[in-house]
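The values are calculated or read from the model by the stated rules, or taken from the named source; none is laboratory data. Values in this document were obtained by computation on a predicted structure and should not be read as measured data. Every residue, glycine as well, gets a Cβ built from its backbone with ideal geometry; the counts of neighbours run over all protein chains shown. Note: accessible area is taken over every heavy atom of the protein model, side chains too, but ligands, DNA and RNA are not part of it. Shrake-Rupley method; radii C 1.70, N 1.55, O 1.52, S 1.80 Å.
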Amino acid sequence: MAFISIVSACLVLFSIGGAAAKVPAIIVFGDSSVDAGNNNQISTVLKSNFRPYGRDFFGGKPTGRFSNGRVPPDLISEAFGLRAFVPAYLDPAYKISDFAEGVCFASAGTGFDNATSNVLNVIPLWKEVEYYKEYQTKLKSYLGETKAKYVISEALYVISLGTNDFLENYYTLPNTRSQHTIDQFQDILLGLAEKFVKDIYGLGARKMSFTGLPPMGCLPLERTTNFMNGNGDGCMDNYNAVAMHFNGKLSGMVKKLNEEMPGLQVVFSNPYDVFMQIIQKPSSFGFEVASTACCATGMFEMGYMCDELNPFTCSDANKYVFWDSFHPTEKTSRIIVDYFMKHTLNQFL
């Protein structure tokens, strides 16, 4: 009887391994929407490695994720039968054996444009690629050339950035706006996005999920700005229009690259519509509050303004669409990831 149980257990493990083998690792590039804590290790004010951030993460631990709990790549990794979180590459608590089935190079505050990463002194996208090259060298040393190449080519690359290029760069820096119209700036970003895909493709990446922009005009911070400018407390429609327009261009880029580059499988995972549905009809998704965030007053705070001493932070983040004025709660991220798993990421299962 015990022998049969052992055999059964082995068969279950074998089937799980077989199912997960199609995507042996999750590799992450991007900004705070996917950063697992790389900013903890650099000199920037944009950090979240303190409570109440992470209070709903494993062990209630603040990791540097801009969330009350996990961020989308963690949930994607779990959905593919891998570990329930993707560790940050710069986190000294992890080593190459931990990174073999998932690694995050993302940095909160970064963008496609180097000028975006300069605003808050964070890791530019080109540097994320340099870390990825370094990772490949370590992976080959750890797994051997053949197995490492398999992981690199079969891994799912989750790419999520772009919002900061508009909100921290174009709409904040007069110099950027004086040099480019919004359409011109979008085309510049599109060129940088295409170059990035080609760069990591050249390094062996083949399966990618390119995440579009959310309805960035509905972030609590932008609603507060709208209100302060005397325009009511609704979403900033012009920002949302830009997000939709840029998503259309990204979708076209993804289609073009799939046709041009042999062996490339890149999907466009667009969060805009499902995110907007959550914001417009929060009760349909089990939320009570969509206009303000859980942390502090929920109107403008993020990072250090969202510390544990603030008396206004909500007690139950599951009632809120947003965790801080810029980032969704884990519950919102889970709804969006479930949507992606059904509509775009299912082709990698």
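Check whether at least one residue in region 162-179 is at positive phi, in contact (Cβ under 8 Å) with a residue 40 or more places away in the chain and in a strand (DSSP E or B), and report yes or no. No, that holds for no residue. For region 160-174, the condition holds for at least one residue, the condition being that it is at pLDDT 95 or above, touching a strand residue (DSSP E or B) at 6+ places or on another chain (Cβ under 8 Å) and hydrophobic (A, V, I, L, M, F, W, C). Restrict the check to region 281-300 and report whether at least one residue is within 30 Å of LEU203 (Cβ to Cβ), open to solvent by less than 40 Å² (accessible area, probe 1.4 Å) and modelled with pLDDT of 95 or more. So far as region 281-300 goes, no, none of its residues is within 30 Å of LEU203 (Cβ to Cβ), open to solvent by less than 40 Å² (accessible area, probe 1.4 Å) and modelled with pLDDT of 95 or more. Filtering TYR320, TYR339 for residues that are in contact (Cβ under 8 Å) with a residue 40 or more places away in the chain, open to solvent by 30 Å² or more (accessible area, probe 1.4 Å), among the hydroxyl-bearing types (Ser, Thr, Tyr) and under 24 Å from GLY212 (Cβ atoms) leaves a single hit, TYR339. Going residue by residue through region 261-283, is there one that turns out to be hydrophobic (A, V, I, L, M, F, W, C) and without any contact (Cβ under 8 Å) to a residue 60 or more places away in the chain? Within region 261-283, one or more residues are hydrophobic (A, V, I, L, M, F, W, C) and without any contact (Cβ under 8 Å) to a residue 60 or more places away in the chain. Residues of region 180-219 that are of a type in the set (A, V, I, L, M, F, W, C), open to solvent by 20 Å² or more (accessible area, probe 1.4 Å) and outside any helix (DSSP H, G or I): LEU203 alone.
Would you be able to say whether some residue in region 244-253 is touching a residue at least 24 places away in the same chain (Cβ under 8 Å), closer than 19 Å to THR172 by Cα, open to solvent by 20 Å² or more (accessible area, probe 1.4 Å) and in contact with a Leu (Cβ under 8 Å, 6 or more places away or on another chain)? No, that holds for no residue.
Determine whether region 89-96 contains at least one residue that is over 15 Å from the mean Cα position of the chain (by Cα), at pLDDT 95 or above, over 30 Å from VAL321 (Cβ atoms) and among the β-branched types (Val, Ile, Thr). Taking every residue of region 89-96 in turn, at least one turns out to be over 15 Å from the mean Cα position of the chain (by Cα), at pLDDT 95 or above, over 30 Å from VAL321 (Cβ atoms) and among the β-branched types (Val, Ile, Thr).
Of the residues in region 41-58, how many are within 21 Å of LEU161 (Cβ to Cβ), open to solvent by 10 Å² or more (accessible area, probe 1.4 Å) and part of a loop (DSSP other than H, G, I, E, B)? Within region 41-58, residues that are within 21 Å of LEU161 (Cβ to Cβ), open to solvent by 10 Å² or more (accessible area, probe 1.4 Å) and part of a loop (DSSP other than H, G, I, E, B) number 7. Could you tell me whether GLU222 is over 26 Å from LYS127 (Cα atoms), touching a helix residue (DSSP H, G or I) at 6+ places or on another chain (Cβ under 8 Å), of a type outside the set (Gly, Ala, Ser) and buried (at least 20 other Cβ atoms within 10 Å of the Cβ)? So GLU222 fits the description; yes.
The helices (runs of 4 or more DSSP H) located wholly in region 59-147 that include 3 or more residues which are under 22 Å from GLY191 (Cα atoms) and open to solvent by less than 20 Å² (accessible area, probe 1.4 Å) occupy 125-143. Just so you know, in region 18-40 the residues that are part of a helix (DSSP H, G or I) and in contact with a Phe, Trp or Tyr (Cβ under 8 Å, 6 or more places away or on another chain) include one that is nearest to ALA100 (Cα to Cα), and it is ALA20.
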